[in-house]
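Read the structure below first, then the notes.
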Amino acid sequence: METTTLALLFLVPLLVWRIYSRLKKLVARQKSQLWRHWSVAVVFPALLLFLATTTKFELLPLSSLGAGALAGGWLGVLGLKLTRFEQVGKDFFFTQHRYLGLTITMLFIARLLYRGMQIYMNTRLDVPVPPPPFGQSPLTMAAYGLVIGYYAVYAWGLVGGGGGGAPPPPQQTAAGIGVSHISQ
């Protein structure tokens, strides 16, 4: 094996560990900021439409993107049900279900790393085989659909646009800390 390949094999687990430790902070208790939720709820579906055009409307990549988005949307509804909502004073906070959010995001990152490794290893061949174009890989499109569907539905639910899936208003306690009652 070449030195660059060995270095890459050493650095990828380090990179995954750093990404994981960074993502753990993103699924911790967060202050609810309405402008963030709205931006994700609007931009992510637009990104999904853009990705649909990159598939050149071929059946397999487009259906993989759609299936990933549907699965991600269903997981977004589940994520809303597992989210803990709090009110402290005038501020609202939410805490995502740690493992659900981490798993979806890490699946997406793992697919991107795999594609990167595939391109890198392909350059080491005597006769390189070109990888499929960006929008033509069904697994990559499914990973994009999963993460976009999850975060779009989750953000839509946080702004209260989810109909029955909207978070209940927090109830004020004697200590001034609001806690929502979420049915399990």
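The values are calculated or read from the model by the stated rules, or taken from the named source; none is laboratory data. Computed from a predicted model, the values in this text were never measured in an experiment. Here the Cβ is made from the backbone with ideal geometry for all residues, glycine too, and neighbour counts use every protein chain on show. Quick note on the areas: whole protein, heavy atoms, side chains included, nothing else; ligands and nucleic acids left out. Shrake-Rupley method; radii C 1.70, N 1.55, O 1.52, S 1.80 Å.
Which shape class, rounded, prolate or oblate, goes with region 92-161 when its Cα gyration tensor gives a ≥ b ≥ c as root eigenvalues, a/c under 1.5 marks rounded, and past that a/b bigger than b/c marks prolate? Cα axes put region 92-161 in the prolate bin.
Distance between the pseudo-spin-label points of Val127 and Leu113 (7 Å out from Cα toward the beta carbon): 3.3 nm. Simple spin-label estimate for Asp91 and Leu15 gives 3.5 nm between the two label positions (7 Å along the Cα-to-Cβ direction from each Cα). What region 1-132 shows is 67 Å² of accessible area per residue, with the surface traced by a 1.4 Å probe over protein heavy atoms. Dipole check for the chain: with +1 at the C-beta of Lys and Arg, -1 at the C-beta of Asp and Glu, and the Cα centre as origin, the magnitude is about 500 Debye. Once you reduce region 127-161 and region 54-80 to the center of their Cα atoms, the two points are 7 Å from each other. The angle between the Cα long axis of helix 98-123 and the longest principal axis of the Cα atoms of the chain comes to about 10 degrees, rounded to the nearest 10. For the chain, the carbon plus sulfur part of the accessible surface works out to 71%, probe radius 1.4 Å. Positive end of the dipole of the chain (Cβ unit charges, origin at the Cα centre): among Gly135, Leu62, Gly76, the Cα lying farthest that way belongs to Gly76. Please state the shape class of region 1-78: rounded when a/c is under 1.5, otherwise prolate if a/b exceeds b/c and oblate if not, all from the C-alpha gyration tensor. Because a/c hits 1.5 or more and a/b fails to exceed b/c, region 1-78 counts as oblate. Which one is right for this structure if Rg and Dmax of the Cα atoms in Å is calculated from it: (i) 16.5, 58; (ii) 19.7, 72; (iii) 21.0, 70? Answer by label: (ii).
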